[in-house]
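The values are calculated or read from the model by the stated rules, or taken from the named source; none is laboratory data. Everything numeric in this text was worked out from a predicted model, so none of it was measured. Every residue, glycine as well, gets a Cβ built from its backbone with ideal geometry; the counts of neighbours run over all protein chains shown.
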Amino acid sequence: MKFAGIATLISLIVSANSFLMSSEALAQSRPDDEMFDPIKVINGTQISPEVCKEMEARETAVWVSIESNGYCLRYYAAGLKTDGTNPLAVVWIPGDVMGGPKGVRHQAGLGVAAMIEQSQEQFGRYGVPFIFLGRPGTYGSAGKHYDIRHTPLEAKLMASAVDALKSRYHIGRWVLGGHSGGGTLAAELLAQRNDLQCVVLSSPAAAYRARLKARGWVGRLKTEVFFDPYDSVNQIPDQPARRIFLISDPRDSNIPFSTQELYFNGLKSHGHAAWLVPLTKARGPTYHSLVDFGQAAEGMCASGVATEVLLQTLRAMPMESDRISN
């Protein structure tokens with residue numbers, strides 16, 4: 001099938017979805033002039049319950065409590081119905097924004113308004129409600145990103161945030177996706193939830209222990225406190241209708257492709273409907289980012305696009321764009 005034909009099919013599906021929702025009142029995160037501060041990402045962000053309530057009123061935050069500590073986690077949504085229920089919604093979890101304790105990437109020049117605009121674009125493209133969910137310490141969320149990332153605490157916080165959003169907007173089922181460290185979190189949530197229609201993992205460290213070994217970081221196995229989704233593969237609920245897509249560039253030097261294959265083989269060995277999608281579409285020198293492809297797969301899966309059409313579309317897409325957010 002030609003790419004133009006695939007694009008036309010997807011356009012028809014999206015147009016139908018948009019028509020059905022056009023007459024309904026939709027929830028929309030409301031923009032303000034807040035910009036993301038790299039210094040706060042490095043030092044950690046604190047948000048009081050009172051300030052968080054103001055953000056909640058603008059539909060850009062949820063308050064979650066884990067281990068007697070409260071965190072204000074930020075989200076940026078478009079297309080959610082305000083009355084009744086939302087049978088399906090898409091949630092995206094971004095990757096790490098720090099490569100080291102002092103360096104911040106992916107947030108330069110971005111703020112609340114820009115993130116809401118991105119969510120609006122995703123909703124407009126696929127006709128399915130879209131939520132960008134910031135991890136602790138990133139994209140305006142409270143917490144110290146470098147210390148919390150990859151830890152069991154982060155996994156618990158993100159699980160609680162997804163539950164809070166589900167309750168707030170009466171969401172029936174999720175299309176869950178994430179990139180890199182966000183994909184690792186999505187893989188962890190896959191083993192905990194029975195309300196996932198699709199799961200898209202873009203360049204994840206879904207076999208985290210294997211990744212440390214492959215990178216030669218064996219010493220961290222003794223010192224780092226982390227969760228490893230590969231340990232929970234046998235706990236993933238059996239849901240034949242759920243589709244799982246694991247997207248990675250075989251040249252990835254950050255999270256080796258061999259670890260993607262290990263996790264994928266674990267999924268298949270337990271009978272899950274999963275597809276490993278190798279794409280030589282990431283930019284060098286690390287060949288790691290495939291966010292465009294992960295979010296496209298989420299949108300198409302949520303729109304009901306057939307698997308083979310979805311895969312053909314991903315293969316036909318141009319190289320990963322030079323984007324800021326992840």
Across segment 96-142, what is the number of residues that are in a loop (DSSP other than H, G, I, E, B) and at pLDDT 95 or above? 15
State yes or no: is GLY70 without any contact (Cβ under 8 Å) to a residue 40 or more places away in the chain and either loosely packed, with under 13 Cβ neighbours inside 10 Å or not hydroxyl-bearing (Ser, Thr, Tyr) (or both)? yes
When you go through ASP249, ASP238, ASP292, ASP322 one by one, which is the residue that is touching an Asp or Glu at 6+ places or on another chain (Cβ under 7 Å) and among the acidic types (Asp, Glu)? ASP292
Of the residues in segment 143-175, those that are under 21 Å from VAL104 (Cβ atoms) and assigned to a helix (DSSP H, G or I) number 8
Scanning segment 210-227 for residues that are among the charged types (D, E, K, R) and more than 17 Å from ILE148 (Cα to Cα) gives ARG211, LYS213, ARG215, LYS222
Restricting attention to segment 255-296, which residues are of a type in the set (S, T, N, Q), assigned to a loop (DSSP other than H, G, I, E, B) and either free of Cβ contacts under 8 Å to residues at least 40 places away in the same chain or more than 18 Å from ALA186 (Cβ to Cβ) (or both)? THR280, THR286
Per the filter on segment 73-95, residues of a type in the set (Gly, Ala, Ser) and either in a helix (DSSP H, G or I) or closer than 26 Å to ASP147 by Cβ (or both) are GLY95
ALA210 fails exactly one of (1) within 20 Å of LEU153 (Cα to Cα); (2) of a type in the set (Gly, Ala, Ser); (3) not in a strand (DSSP E or B), namely (1)
Could you grab me the full set of residues in segment 243-259 that are buried (at least 21 other Cβ atoms within 10 Å of the Cβ), of a type outside the set (Ser, Thr, Tyr) and within 17 Å of the chain's Cα centre (by Cα)? ILE244, PHE245, LEU246, ILE247, ILE255
